[in-house]
Amino acid sequence: MLAKGEPLPVSFANRVIYYVGPVDPVRDEAVGPAGPTTATRMDKFTDMMLEQTGLIAMIGKSERGPAAIEAIRKHKSAYLMAVGGAAYLVSKAIKTAKVVGFEDRAWKRSTSSTWSTCR
């Protein structure tokens, strides 16, 4: 979308993105277990996202490759490595979630969430 000059379905300006592999919610949950997913697969998009969207940081699982590390350094951004195995606890901090883009691609859709303070 960015390469075509199209707007993204949500603004990333001054936001942090959490690379998550969500599971469908059960009962009154906003989301199901929300464990981090491997961020390395996003390395090829890191420079573009930081340069063109105003994204300030990323949270994911595993280390980043050299190109992503350089992009993070260049844009004075941050990468926070999430702890695996805390998917249930993370899901309890997410109070609301709504689809904001790519509804036709359930496993790739974008969601916007409201989180409570994690303690």
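Read-outs throughout are calculated quantities, based only on the coordinates presented, and are distinct from any laboratory measurement. Because the structure is a prediction, the values reported are computed rather than measured. Cβ: placed from backbone, ideal geometry, glycine included. Neighbour counts: every protein chain shown.
Figures for the structure shown
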quantity: Projected area averaged over orientations for region 1-53, convex hull of C-alpha atoms, nm²; calculated: 4.8 nm²
quantity: Proxy reagent accessibility, fewest Cβ within 10 Å first, across M49, M58; calculated: M49, M58
quantity: Cross-link pairs beyond the 27 Å C-alpha cut-off, checked among K74/K95; K44/K92; K44/K76; K4/K92; K44/K95; calculated: K74/K95; K44/K92; K4/K92; K44/K95
quantity: Volume per residue of the C-alpha convex hull in region 35-79, rounded to whole Å³; calculated: 61 Å³
quantity: In region 36-94, the trypsin sites (Lys or Arg not before Pro) that fall in loop regions by DSSP, at most 10 other Cβ within 10 Å; calculated: K76
